[in-house]
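To start, the structure itself, in structure tokens.
The values are calculated or read from the model by the stated rules, or taken from the named source; none is laboratory data. Because the structure is predicted, anything quoted here is derived from the model rather than measured. When we count neighbours, we look across all protein chains shown, and the Cβ atoms used for this are built from the backbone with ideal geometry, even at glycine. Ligands, DNA and RNA are excluded from the accessible area calculation, which covers all protein heavy atoms including side chains. Shrake-Rupley method; radii C 1.70, N 1.55, O 1.52, S 1.80 Å.
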Amino acid sequence: MTATGAASAAARKAVAILISGRGSNMAALIDAAAAAGYPARIALVISNRANAEGLAEARAKGIATAVIESKGRDRAAFDAELDARLKQDGIEIVCLAGFMRLLTPGFVQGWQGRMINIHPSLLPAFKGLDVHRRVVEAGAKITGCTVHFVVPEMDDGPIIAQAAVPVPDGATPDDVAAAVLAQEHVIYPAALRWLAEGKLAVSGNSVTMRGAGSAEGALISPRP
Ligand code: GRF
């Protein structure tokens with residue numbers, strides 16, 4: 001590695017990804033961070049479930065993993081162990097990626113501004129679980145996904161990026177999930193890049209991104 005390469009590697013933000021299951025967003029973040037010039041490195045993947053499928057994929061991609069089992073554990077004790085591990089490993093940014101465990105307000109406040117999440121709807125619509133079934137049942141014509149800063153309230157917090165996708169006639173929840181997931185894998189690495197580059201400024205609920213280009217046009221569904 002050249003001196004310049006060594007310096008830029010050192011400047012890359014150390015990121016931990018927290019998962020509970022499949023880990024496709026985790027994989028998208030790991031792959032993005034492997035690219036030259038990406039401003040963050042995935043230092044650790046932590047699962048609260050030993051059987052999370054994403055753990056094997058993280059290991060296969062050469063990323064350190066840890067399991068902090070949450071089942072039956074007191075929230076405060078779990079969060080304290082998690083916090084200690086993140087600090088021990090020098091983690092600077094935490095990405096929640098399908099992490100199915102509520103975090104205590106104290107933990108969240110300790111990482112405020114440095115912890116982000118992805119949710120498979122256009123927040124503030126469709127918070128919570130089973131989103132795509134509820135989207136289809138509601139007859140929504142457009143849905144999408146959101147990357148946001150984590151605050152103590154679930155699926156809330158300043159929005160960094162969103163992607164919208166149409167819900168075609170007859171689409172099943174699985175169809176919608178697949179279309180949304182493809183966009184999750186685009187906006188999550190982008191949002192992490194901006195955060196790691198220090199480009200995001202938060203004011204109340206609003207996040208502004210320095211140097212952002214405005215998206216143009218409109219997604220209209222169905223097409224007129
Ligand atoms: C994604 O849909 C994400 O938006 C939600 O949980 C799901 C996790 O999927 N928070 P994966 O584990 O990243 O594949």
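So that you can scan it fast, the table gives a plain yes or no per residue for (1) touching a residue at least 12 places away in the same chain (Cβ under 8 Å); (2) farther than 24 Å from SER203 by Cβ; (3) within 12 Å of the ligand (Cβ to nearest atom):
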site	(1), (2), (3)
ARG59	no, yes, no
ASP89	yes, yes, no
GLY113	yes, no, no
ILE118	yes, no, yes
PRO124	yes, no, no
ALA171	yes, yes, no
For the range 2-27, which residues satisfy the criterion of being near the ligand (Cβ under 8 Å from one of its atoms) and at pLDDT below 90?
none
Quick check: is even one residue across the range 198-218 among the hydroxyl-bearing types (Ser, Thr, Tyr) and either in contact (Cβ under 8 Å) with a residue 60 or more places away in the chain or under 24 Å from PHE107 (Cα atoms) (or both)?
yes
Of the residues in the range 127-148 that are away from the ligand (no atom under 15 Å from the Cβ) and small (Gly, Ala, Ser), the one that is most open to solvent (accessible area, probe 1.4 Å) is ALA138
Since GLU69 meets every condition but one in (1) open to solvent by less than 40 Å² (accessible area, probe 1.4 Å); (2) assigned to a loop (DSSP other than H, G, I, E, B); (3) out of contact with any helix residue (DSSP H, G or I) (no Cβ under 8 Å at 6 or more places or on another chain), which condition does it not meet?
(1)
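Which residue out of ALA80, ALA97 is free of Cβ contacts under 8 Å to residues at least 60 places away in the same chain and not assigned by TED's automatic domain parsing to the domain that holds GLN162?
Values: ALA97 fails: free of Cβ contacts under 8 Å to residues at least 60 places away in the same chain.
None of the others qualify; the one that does is ALA80.
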